[in-house]
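Asker: My questions will all concern the structure given below.
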Amino acid sequence: MDCLFCAIIDGSIPSTRVYEDEQCIAFADIHPHASTHVLVVPRKHIASLAEASEDDSPLLGHLLWVAAEIARDKGLSRGYRTVINTGDDGGQTVAHLHLHLLGGRIMTWPPG
C-alpha cells in the first residue's frame, strides 16, 4: 500500500508526534492553517469517513476524544475546530481518514 499516513504511522516518514496510543497517532501538520494544527490519524487504514463501518464507531469516538485531550494539553480553552474532510469534493487530499485539530486563532464561518 502506498499511503502517506501509513508511512508516517510506521515511522518510515518522520513526523512531529504529539500523541500516540494503540489506536491512533497525532502529529503536527506540515502546512499549518493555525498556530495549532494537528492531524489525528487512526493506525487502521480507512480510506475516508465514507468508508468507515459500524465496527469503526468506537475508533471514531476515540479520535474525537484524542483531539479534545490534545486541545486541553495545548491550552485551547477559548475554542478550536475539528474537521474531517471526506472525498474529493470535501477537500480530502490523503486517502486515509484523519481529523484536523485547529486552534490558536479565531475561526470564521462558513469555512472554505
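Throughout, read-outs are computed from the coordinates displayed, never taken from laboratory work. Small disclaimer: the values here were computed from a predicted structure and weren't measured. When we count neighbours, we look across all protein chains shown, and the Cβ atoms used for this are built from the backbone with ideal geometry, even at glycine.
Asker: Between Glu20 and His45, how high is the FRET efficiency from 1/(1 + (r/R0)^6) when r is the Cβ-Cβ distance and R₀ = 22 Å? Nearest 0.05. Don't skip to the answer; put the middle values down first.
Answerer: Working: r = 16 Å, r/R0 = 0.73.
Efficiency, rounded to the nearest 0.05: 0.85.
Asker: Sticking with this one: Quick one: compute the contact order of the chain, relative version, from alpha carbon pairs under 8 angstrom and 6+ residues apart, as a percent.
Answerer: Working: 162 pairs, mean separation 33.8, N = 112.
Rounded, it is 30 percent for the chain.
Asker: How big is the dipole moment of the chain about its Cα centre under a simple scheme where the beta carbon of each Lys and Arg is +1, that of each Asp and Glu is -1, and everything else is neutral? Debye, nearest 20, please. Walk me through the numbers on the way to the answer.
Answerer: On the way: 8 positive and 14 negative charges, 137 e Å.
Dipole about the Cα centre, nearest 20: 660 debye.
Asker: Ok, one more. Take the alpha carbon atoms of the range 80-112, find their center, do the same for the range 20-60, and report the distance between the two centers in whole angstrom.
Answerer: Centre-to-centre (Cα) distance: 11 Å.
Asker: For the range 18-112, what is the largest minus smallest coordinate of the Cα atoms on each principal axis, given in angstrom and ordered from greatest to least?
Answerer: Each principal axis gives a Cα extent; for the range 18-112 these are 34, 31, 22 Å.
Asker: State the answer as a single residue: which of Tyr80, His45, Ala26 lies farthest towards the positive end of the charge dipole of the chain, with beta carbon charges of +1 for Lys and Arg and -1 for Asp and Glu, about the Cα centre.
Answerer: Value: Tyr80.
Asker: Helix 57-73 sits at what angle to the longest principal axis of the chain, using alpha carbons and giving 0 to 90 degrees rounded to 10?
Answerer: Taking Cα atoms only, the helix is inclined about 40 degrees.
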